[in-house]
Amino acid sequence: MRSALGIAISATPRDRLTSPRIQHKAVFTYNFRLVRGFFRLIPGSIPRPEPHRHGLTDIEIAPRRCHLHMVTKRLTRWLVQFISIFLPEEKGRTLERKRRGREEFRKLKAADYVFASYAKSGRTWVRVMLSRYYQIAHGIPEALMMGFDNFHKKNPDVPKIFFTHDNYLREYTGNVDNRKDFYEQKVVLLVRRPQDVAVSQFFQWKYRMRPHKIPLNRYPPQDADIDMLDFVMNEDVGLPRIVSFLNAWARELPKIKNLLVVRYEDLRAHPEQELTRMLEFLGENPKPGQVTETVEFGSVENLRKLESQDYFWRSGSRLTPRDKADPNSYKVRRAKVGGYRDYFEDAQLEQIDAYVNANLSPVFDYGDSSITPTSGDGSKENAA
């Protein structure tokens, strides 16, 4: 758990870190984190949640090992955070984004498959279902969430999968105006209607986003007086950015040799069919019963229950509510196709849909704003 001092420093605007006293506190906080981080590398040095209440055995809770890469990664992260205190805001942001891009590049080159998507396009839902399938089909322990290579280390038959929002990698490689980094990769591209993505992003920013991610990705301060429409139409975080992302991928699709495009809406309407397509692309030959069980596990009702029980505690905050009493702070929220329409007046909807129709590439078939919203019954409603 972060100290109160750490939270205060992280939340303090950079231009207020001017007095010697505040700078001293900042340096102390980062040095404290650095020392604490070293201890995290030592097995048993940091208390961990009780595993047995999640059905895990002692054998499945292996001690942490001081792998050279883990040490290097954490040291680099802490060093960049420390140095950024003394840099202008823009330079500090660029340094951190390139550090993250370097780590993404390492994973990209080692990956067997890549899942790319804009944030809030259903990636966590897909990750949960893939995790469940590999647990059923390949004997991976339950209550684990698939990361990059954690499943592969337990069973080499499971591929190494790199999940990316294609956010930091380009700034490290310099391939900003193309998707050259992915040309030779086996890629699954997850897409979702931009209007729904933008509204889901609003709730992520308002209720779930970690403080350090806000300036890193140019989001407004969480206490900013911004309504949902202003956020959705904002050039830096709203529809313009989402549409630009999708258009860039649309232009590059013919250049990617091994590609599967999966629309969130199709996955919602036909989850078993679309999941089977993904698994076959990943080299699997899934049995119908395995797919059915996987989809049932990924239902929104089940994932909400598991999230409230901290079932995925070993995966950090990815599937953890910020406030269990506030439904808006859950990762698994409404998951409603066309749900953005519930938040705006008719004139506002016309403005939003007109922007998408005028600017979005037709490749993904989202230009027509006519939608049949799903109400979220048990058979169709899945995690967002």
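The numbers here are math on the coordinates, done by the rules we state, and not lab data. Because the structure is predicted, anything quoted here is derived from the model rather than measured. So basically every Cβ, Gly included, is an ideal-geometry build from the backbone, and we count neighbours across all protein chains shown.
First check a/c for region 245-308, with a ≥ b ≥ c the square roots of the eigenvalues of its C-alpha gyration tensor; if it is under 1.5, answer rounded, and if not, answer prolate when a/b is larger than b/c or oblate otherwise. Here region 245-308 falls in the oblate category. Using θ = phi - 60° in the Karplus curve 6.51 cos²θ - 1.76 cosθ + 1.60, the 3J(HN,Hα) couplings for region 213-222 round to 6, 5, x, 4, 10, 6, 7, x, x, 5 Hz; x is entered for Gly and Pro.
Relative to the compact-globule estimate of 2.2 N^0.38 Å, the Cα radius of gyration of region 107-164 comes out at 1.07. Each Cα pair under 8 Å and six or more residues apart adds its separation to the average, and for region 111-364 the resulting relative contact order is 24 percent. Couplings for region 133-147, taken from phi via the Karplus curve 6.51 cos²θ - 1.76 cosθ + 1.60 with θ = phi - 60°, read 4, 5, 5, 6, 8, 10, x, 6, x, 6, 6, 9, 10, 5, x Hz in order; Gly and Pro are left as x. Pairs with C-alpha atoms separated by more than 24 Å, drawn from the list LYS257/LYS336; LYS120/LYS336; LYS107/LYS154; LYS120/LYS153; LYS160/LYS206; LYS255/LYS336, are LYS257/LYS336; LYS120/LYS153; LYS160/LYS206; LYS255/LYS336.
Backbone phi angles across region 118-124, fed through the Karplus curve with coefficients 6.51, -1.76 and 1.60 (θ = phi - 60°), yield HN-Hα couplings of 6, 4, 6, 10, x, 5, 5 Hz in residue order; Gly and Pro are listed as x. If the segment from GLU184 to ASP310 were pulled out straight at 0.36 nm per residue, it would be longer than the present Cα-Cα gap by 41.6 nm. Close amide H partners of LEU259, meaning residues 5 or more places away or on another chain with modelled amide H under 5 Å apart, are VAL187.
Exposure proxy for PHE163, PHE148, PHE86: other Cβ atoms within 10 Å of each Cβ, ordered fewest to most, give PHE86, PHE148, PHE163. The packing ranking, built from the mean of other Cβ atoms within 10 Å per residue, places the peptides 342-348, 261-267, 271-277, 356-362 in the order 261-267, 271-277, 356-362, 342-348, highest first.
Paramagnetic label reach from LEU75 (point 7 Å along Cα→Cβ; backbone nitrogen cut-off under 14 Å): within region 90-109, no residues. Each Lys or Arg adds one and each Asp or Glu subtracts one; over the other residues with Cβ under 10 Å from the Cβ of THR294, this totals -2. The modelled label-to-label distance for the pair ARG102/ILE83, using points 7 Å beyond Cα in the direction of Cβ, is 0.7 nm. Length available on full extension from GLU142 to LYS109: 0.36 nm per residue minus the Cα-Cα distance, which gives 9.1 nm. Rg/Rh for region 111-364 (Cα atoms only, Rh after Kirkwood) is 0.95.
One chain, two ends: GLU171 and GLU272. Fully extended at 0.36 nm per residue, the span grows by 32.7 nm beyond their Cα-Cα distance. The packing ranking of peptides 234-244, 204-214, highest mean first, is 234-244, 204-214, where packing means the average number of other beta carbon atoms within 10 angstrom of each residue.
Applying 1/(1 + (r/R0)^6) with r as the Cβ-Cβ distance of ALA224 and ASN155 and R0 = 30 angstrom yields a FRET efficiency of 0.05.
Under the simplified labelling scheme, the THR94-ALA354 pair shows an inter-label distance of 3.8 nm, with each label point 7 Å from Cα along Cα→Cβ.
With the simple spin-label model, which puts each label point 7 Å out from Cα in the Cβ direction, the ALA347 to LEU216 separation comes to 4.0 nm.
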